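Let me begin by presenting the structure, written as structure tokens, before commenting on it.
The values are calculated or read from the model by the stated rules, or taken from the named source; none is laboratory data. Every value quoted in this text rests on a predicted model; they were computed, and no experiment measured them. Cβ: placed from backbone, ideal geometry, glycine included. Neighbour counts: every protein chain shown. Protein only, heavy atoms only, side chains kept; ligands, DNA and RNA dropped before computing areas. Shrake-Rupley method; radii C 1.70, N 1.55, O 1.52, S 1.80 Å.
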Amino acid sequence: MPPRPDLSVSLAGLELSVPLMTASGTCGSGLELAPYLEPGSIGALVPKSVTLNPRAGNPNPRLWETPCGLLNSIGLQNEGLAEFLASLPALAGLGVPILASVAGFSVSEFERLAAELAARDEVAALELNISCPNVEKGGMAFGTDPASAARVVEAARRASPHKPLLVKLSPNVADMVPVARAAQDAGADALTVMNTLLGMAVDPVSRRPRLANLYGGLSGPAVKPVALRFVHQVSRAVSLPVVGCGGVRTGLDVVEFMLCGASAVQVGTALLADPAAPARIVRELEEYCARHGVAAVRDLVGALETE
Ligand SMILES: Cc1cc2nc3c(=O)[nH]c(=O)nc-3n(C[C@H](O)[C@H](O)[C@H](O)COP(=O)(O)O)c2cc1C
């Protein structure tokens, strides 16, 4: 029997047993996933984005299934910072690093959230969700403008000088590289690529939009080619590690993201259909490594052949 492939990766000071994390917003508070989590099936857990105050989110309907994808306009529904802080001991009991996803509507909100979350031992790292609207700038998402993104990252870096800081980039831009570079220059330790792609769906009979909010974020296998392209572009343009996210469903998807330059990946929409998917994905990744003579999965990072 050949030795088992080494699936561990380290990025931004985080040691992950496998290169797979949950994507924010797709496993509830995180605790709902506990009954489905086989030991060793995820390297880190990213719970739903936390805002300063509790939010009910957008009106229903706010989910619509598309061919190979899902549109959502949940609108950052969550219990708010105080409840999240209270849930941390239980989350830490899951036995995997917790990456707190931070969502603010102003730079000062990001700063306060980052300070309070980073102060907790249960939080291994922060992930800034900069796809949120900046209320001080007419609702334009922080992540679509390099200068706004830089201000958020600088503020979070000030508030949390020591915890690894991941910045999750928005695909709703013509070019992600300037925002990625701005995040790097402002002190990010890693970049998550990517959040959902804005889209809409229409009911031709009622002539009404399918989502009460009109627009929603598209995720799932339909967006994977876009995510792979952004991971490839961003990982070549910055020196930071990149975490791939968008449509991961199988072990081979993980391989594809790593070849394009991702050091690890997140799985989101696939969890909604099958919360036990991570164990299967890790088994498939291990099988790929064994079959293709990959001794350490980290050797796949950026190993795409283009000649
Ligand atoms: C229902 C739902 C809720 C989401 N909520 C959040 C969120 O709160 N914060 C965030 O950063 N991303 C959120 N996302 C985006 C995912 O974390 C992920 O970036 C995106 O869905 C692409 O990955 P996937 O195709 O594997 O789902 C959400 C996605 C879905 C489907």
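Are any residues in segment 222-241 within 16 Å of the ligand (Cβ to nearest atom) and open to solvent by 50 Å² or more (accessible area, probe 1.4 Å), and if so, which ones? Don't jump to the end; show me each part of the working.
Kept after step one, since they are within 16 Å of the ligand (Cβ to nearest atom), are these residues of segment 222-241: 222-231, 234.
If the condition is that a residue be within 16 Å of the ligand (Cβ to nearest atom) and open to solvent by 50 Å² or more (accessible area, probe 1.4 Å), then PRO225, ARG229 are the ones that fit.
Looking at CYS68, CYS27, which one is over 17 Å from the mean Cα position of the chain (by Cα) and touching a residue at least 60 places away in the same chain (Cβ under 8 Å)? Even if it seems obvious, please write down each step before you answer.
Values: CYS27 fails: over 17 Å from the mean Cα position of the chain (by Cα).
It is CYS68.
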Task: segment 75-87, residues that are within 11 Å of the ligand (Cβ to nearest atom) and either over 28 Å from ARG208 (Cα atoms) or open to solvent by less than 40 Å² (accessible area, probe 1.4 Å) (or both) - done: GLY75, LEU76, ASN78
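Please determine whether any residue of segment 242-251 is open to solvent by 30 Å² or more (accessible area, probe 1.4 Å) and under 17 Å from GLY69 (Cα atoms).
Within segment 242-251, the first condition is being open to solvent by 30 Å² or more (accessible area, probe 1.4 Å), and the residues that meet it are 249-250.
Among the residues that remain, those that are also under 17 Å from GLY69 (Cα atoms) are: 249-250.
For segment 242-251, residues open to solvent by 30 Å² or more (accessible area, probe 1.4 Å) and under 17 Å from GLY69 (Cα atoms): present.
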- [ ] Filter segment 28-68 down to residues that are of a type outside the set (S, T, N, Q), within 14 Å of the ligand (Cβ to nearest atom) and open to solvent by less than 10 Å² (accessible area, probe 1.4 Å) and give me whichever is nearest to VAL255 (Cα to Cα).
- [x] ILE42
